[in-house]
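Peer 1: I'd like to ask you about the structure that follows.
The values are calculated or read from the model by the stated rules, or taken from the named source; none is laboratory data. It should be emphasised that the depicted structure is a prediction, and the values quoted were computed from it without experimental measurement. All Cβ positions, even for glycine, are placed from backbone atoms using ideal geometry, and neighbour counts span all protein chains on display.
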Amino acid sequence: MQIHNSDTALVVIDPQNDVLSEKGVSWGLVGESVKENNTVENLARLFTTAKDSDYGVFISPHYLYPHDQAWQYGGVVEHMMLDDQEFFRPDPLGREGFAGSGADWLERYKPFIEDGKTVVVSPHKMWGPQTNDLVFQLRKRRVNKIILAGMLANLCVESHLRELLEQGFEVAVVKDATAAPRHPTIGDGYQAALINYGFLANAVLTTDDAVLAMK
């Protein structure tokens, strides 16, 4: 996989407080994985390199609104998200109560995301980009290769990987710029994701690898 800023973009999934901040509602499940991978710092390194080297940057966020609480069925983690109001926003059109909330960007990423150049696509509602406009926005900019990172490794990141591959993109996953939940009965989501990345992705990189390739 040849990485160049003319046709490659950095796509970051859910760089938000609820999964990356110690105050986030999911920290109890994901915190150890985040710390072991140095995920917060590694994502910052990817953002910095992408901006310095003129790569497009796309954010695929996760937002849940009051009307989503009316969903009639869902999986285990989906119910956890709704019950804990993960990525919750009280109004799909307003920003009241958004700043500093669990749905907001991690503070250290705001200069990268809010620079007027980063593309923040519409929210995905489950795990993959089928419910948002990420693919459309990438196609409109003739991006066909993706460096993929963010949260959570075995859920939204893996689901984005699978759909982007099905859509014909080349995708490199940055394995230490992500993390996943560890659940006492369900298991270790990060280890599950790593296995599937190896089977599926066009490349599996470390942050060091990705930074070097982008320069």
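Peer 1: Any chance you could count how many residues in segment 60-87 are under 23 Å from Val119 (Cβ atoms), hydrophobic (A, V, I, L, M, F, W, C) and out of contact with any helix residue (DSSP H, G or I) (no Cβ under 6 Å at 6 or more places or on another chain)?
Peer 2: 1
Peer 1: Now, a different point. Based on what the data block shows, is Asp91 of a type outside the set (A, V, I, L, M), out of contact with any Asp or Glu (no Cβ under 9 Å at 6 or more places or on another chain) and in a helix (DSSP H, G or I)? Full working, then the answer.
Peer 2: Values: of a type outside the set (A, V, I, L, M): yes; out of contact with any Asp or Glu (no Cβ under 9 Å at 6 or more places or on another chain): yes; in a helix (DSSP H, G or I): no.
Judged against the criteria, Asp91 is not a match.
Peer 1: Next up: If we keep just the residues of segment 125-157 that are without any contact (Cβ under 8 Å) to a residue 24 or more places away in the chain and assigned to a helix (DSSP H, G or I), which is surrounded by the most Cβ atoms within 10 Å (Cβ to Cβ)?
Peer 2: Applying the first criterion (without any contact (Cβ under 8 Å) to a residue 24 or more places away in the chain) to segment 125-157 yields 131, 133, 136, 139-140.
Remaining after also requiring assigned to a helix (DSSP H, G or I): 131, 136, 139-140.
Numbers: Thr131: 12, Phe136: 11, Arg139: 14, Lys140: 10.
So the residue we want is Arg139.
Peer 1: Continuing with this model, one more query. Being closer than 16 Å to Leu165 by Cβ and in contact (Cβ under 8 Å) with a residue 60 or more places away in the chain is the filter here, so list the residues in segment 188-215 that pass it.
Peer 2: Asn202, Ala203
Peer 1: A further question follows. Give the residue that is nearest to Cys156 (Cα to Cα), with candidates limited to residues of segment 66-125 that are aromatic (Phe, Trp, Tyr) and out of contact with any Lys or Arg (no Cβ under 8 Å at 6 or more places or on another chain). Steps first, answer last, please.
Peer 2: Initially, segment 66-125 is screened for residues aromatic (Phe, Trp, Tyr), giving 71, 73, 87-88, 98, 105, 109, 112.
Narrowing further to those that are out of contact with any Lys or Arg (no Cβ under 8 Å at 6 or more places or on another chain): 71, 73, 87-88, 105, 109.
Details: Trp71: 19, Tyr73: 19, Phe87: 13, Phe88: 16, Trp105: 16, Tyr109: 19 Å.
Applying the filter and picking the extreme gives Phe87.
Peer 1: Among the residues of segment 177-206, write down those that are within 23 Å of Phe47 (Cβ to Cβ), among the hydroxyl-bearing types (Ser, Thr, Tyr) and either assigned to a loop (DSSP other than H, G, I, E, B) or modelled with pLDDT under 95 (or both). First the steps, then the outcome.
Peer 2: The initial filter retains those residues of segment 177-206 that are within 23 Å of Phe47 (Cβ to Cβ), namely 177-180, 190, 193-194, 197, 201-206.
From what's left, among the hydroxyl-bearing types (Ser, Thr, Tyr): 178, 190, 197, 206.
Within segment 177-206, just Thr206 meets the criteria.
Peer 1: Ok, one more. Output the number of residues of segment 52-63 satisfying the condition of being in contact with a Pro (Cβ under 9 Å, 6 or more places away or on another chain) and surrounded by fewer than 21 Cβ atoms within 10 Å (Cβ to Cβ). Quick ask: steps written out before the conclusion?
Peer 2: So in segment 52-63, the residues in contact with a Pro (Cβ under 9 Å, 6 or more places away or on another chain) come out as 59-63.
Next, from what is left, pick out any that are surrounded by fewer than 21 Cβ atoms within 10 Å (Cβ to Cβ): 63.
Looking only at that region, the number is 1.
Peer 1: Identify, from the list Phe112, Phe47, Phe58, Phe98, the residue that is touching a strand residue (DSSP E or B) at 6+ places or on another chain (Cβ under 8 Å) and outside any helix (DSSP H, G or I).
Peer 2: On the way: Phe112 fails: outside any helix (DSSP H, G or I); Phe47 fails: outside any helix (DSSP H, G or I); Phe98 fails: touching a strand residue (DSSP E or B) at 6+ places or on another chain (Cβ under 8 Å).
Criteria check complete, one pass: Phe58.
Peer 1: Continuing with this model, one more query. Among the residues in segment 177-187, are any more than 18 Å from Gly150 (Cβ to Cβ), polar (S, T, N, Q) and either free of Cβ contacts under 8 Å to residues at least 12 places away in the same chain or in contact with a strand residue (DSSP E or B) (Cβ under 7 Å, 6 or more places away or on another chain) (or both)?
Peer 2: Checked against the condition, which is being more than 18 Å from Gly150 (Cβ to Cβ), polar (S, T, N, Q) and either free of Cβ contacts under 8 Å to residues at least 12 places away in the same chain or in contact with a strand residue (DSSP E or B) (Cβ under 7 Å, 6 or more places away or on another chain) (or both), segment 177-187 yields at least one hit.
Peer 1: The conditions are (1) under 16 Å from Ala180 (Cβ atoms); (2) touching a Pro at 6+ places or on another chain (Cβ under 6 Å), and Asn38 fails exactly one of them. Which is it?
Peer 2: The one condition Asn38 does not meet is (2).
Peer 1: Moving on to the next point. Are there any pairs with C-beta distances below 6 angstrom linking a residue in segment 86-102 that is under 10 Å from Tyr65 (Cβ atoms) to a residue that is of a type outside the set (A, V, I, L, M) and outside any loop (DSSP other than H, G, I, E, B), with the two at least 6 apart or on different chains, and if so which?
Peer 2: If the second residue must be of a type outside the set (A, V, I, L, M) and outside any loop (DSSP other than H, G, I, E, B), the pairs left are Phe87/Asp18; Phe87/His62.
Peer 1: Let me ask something additional. Does Lys215 satisfy the condition of being touching a helix residue (DSSP H, G or I) at 6+ places or on another chain (Cβ under 9 Å), surrounded by fewer than 16 Cβ atoms within 10 Å (Cβ to Cβ) and within 22 Å of Ser6 (Cβ to Cβ)?
Peer 2: It is true that Lys215 is touching a helix residue (DSSP H, G or I) at 6+ places or on another chain (Cβ under 9 Å), surrounded by fewer than 16 Cβ atoms within 10 Å (Cβ to Cβ) and within 22 Å of Ser6 (Cβ to Cβ).
Peer 1: Another one. Which of the residues that make up segment 85-105 are within 19 Å of the chain's Cα centre (by Cα), on the phi < 0 side of the Ramachandran plot and not small (Gly, Ala, Ser)?
Peer 2: Glu86, Phe88, Arg89, Phe98, Asp104, Trp105
Peer 1: Tally time: how many residues in segment 66-85 are of a type outside the set (A, V, I, L, M) and either in contact (Cβ under 8 Å) with a residue 60 or more places away in the chain or surrounded by 12 or more Cβ atoms within 10 Å (Cβ to Cβ) (or both)?
Peer 2: 8
Peer 1: Scanning segment 28-51 for residues that are free of Cβ contacts under 8 Å to residues at least 12 places away in the same chain and of a type in the set (D, E, K, R), which turns out farthest from Arg142 (Cα to Cα)?
Peer 2: Taking segment 28-51 as the starting set, the residues that turn out to be free of Cβ contacts under 8 Å to residues at least 12 places away in the same chain are 28, 31, 35, 41.
From what's left, of a type in the set (D, E, K, R): 35, 41.
Details: Lys35: 35, Glu41: 29 Å.
The selected residue is Lys35.
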